[in-house]
1. Output the residues belonging to region 20-58 that are polar (S, T, N, Q) and over 20 Å from Tyr127 (Cα atoms).
2. Look at region 56-78 and say how many of its residues are closer than 22 Å to Lys105 by Cβ and either polar (S, T, N, Q) or at pLDDT 95 or above (or both).
3. Using the structure shown, decide if Glu130 is closer than 26 Å to Asn12 by Cβ, charged (D, E, K, R), free of Cβ contacts under 8 Å to residues at least 60 places away in the same chain and open to solvent by 100 Å² or more (accessible area, probe 1.4 Å).
4. Quickly run through region 73-88 and pick out the residues that are in contact with a strand residue (DSSP E or B) (Cβ under 9 Å, 6 or more places away or on another chain) and either within 12 Å of Trp122 (Cβ to Cβ) or open to solvent by 30 Å² or more (accessible area, probe 1.4 Å) (or both).
5. For Leu96, work out the one condition from (1) of a type outside the set (Lys, Arg); (2) within 10 Å of the chain's Cα centre (by Cα); (3) buried (at least 22 other Cβ atoms within 10 Å of the Cβ) it doesn't fulfil.
6. Taking into account only those residues within region 1-31 that are surrounded by 17 or more Cβ atoms within 10 Å (Cβ to Cβ) and either of a type in the set (A, V, I, L, M) or in contact with a Cys (Cβ under 7 Å, 6 or more places away or on another chain) (or both), which is nearest to Ile41 (Cα to Cα)?
7. Restricting to helices (runs of 4 or more DSSP H) lying wholly in region 1-112: which have 3 or more residues that are among the aliphatic types (A, V, I, L, M) and touching a residue at least 24 places away in the same chain (Cβ under 8 Å)?
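The values are calculated or read from the model by the stated rules, or taken from the named source; none is laboratory data. Values in this document were obtained by computation on a predicted structure and should not be read as measured data. When we count neighbours, we look across all protein chains shown, and the Cβ atoms used for this are built from the backbone with ideal geometry, even at glycine. These area figures cover heavy atoms from the full protein model, side chains too; ligands, DNA and RNA do not enter into them. Shrake-Rupley method; radii C 1.70, N 1.55, O 1.52, S 1.80 Å.
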Amino acid sequence: MIDINITGGRKNERDLMHSLAHFCVKKLMPRKKYLEVDITIKRNLEENDGLSAGVIDTDDTNTFEMDIESSMTLRKKLLSVAHEMVHVKQFTRGELKHADTLTAKRWLGKTYNESNYWDCPWEIEAYGRELGLFTMWVEKLDIKGKFTEDPT
């Protein structure tokens, strides 16, 4: 069973995040039978934790906790959900693992120091896929709204 639980925020944004997260599971992990992702829309996440979104893997490779900053635009929240779902895929497939220190991770068997966030291969994949996942979801489900328009 794929179980996506969302707390916080407004109902319409929870509904959109739920739909997008399920879409990402089907696209990124089509054979996945069991996955639980708890998404919390939080105030002051950036102020308190220094990030606008993040996902935490648990001891169970099928259970994850995701936090999303509440002050972001709806578009940015949804792009963040897509980004973090790529990390869920990476962790659940064993592509990304924690290493022995807080500043290192293992990616496809090789240990990387996270000193340059933008050079981390798991972040390159997540940033590279977030917009595509979002766009495919909007197009497939014919989703309408100002948040679907590219602001650039």
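1. Within region 20-58, Thr40, Asn44, Asn48, Thr58 meet the criteria.
2. Going through region 56-78 one residue at a time, the tally reaches 9.
3. Criteria not met by Glu130.
4. Passing the criteria: Lys76, His83, Glu84, His87, Val88.
5. Leu96 satisfies all of (1) of a type outside the set (Lys, Arg); (2) within 10 Å of the chain's Cα centre (by Cα); (3) buried (at least 22 other Cβ atoms within 10 Å of the Cβ) except (2).
6. Looking at residues that are surrounded by 17 or more Cβ atoms within 10 Å (Cβ to Cβ) and either of a type in the set (A, V, I, L, M) or in contact with a Cys (Cβ under 7 Å, 6 or more places away or on another chain) (or both), I get Ile6.
7. In region 1-112, 11-28, 74-92 are the helices (runs of 4 or more DSSP H) which contain 3 or more residues that are among the aliphatic types (A, V, I, L, M) and touching a residue at least 24 places away in the same chain (Cβ under 8 Å).
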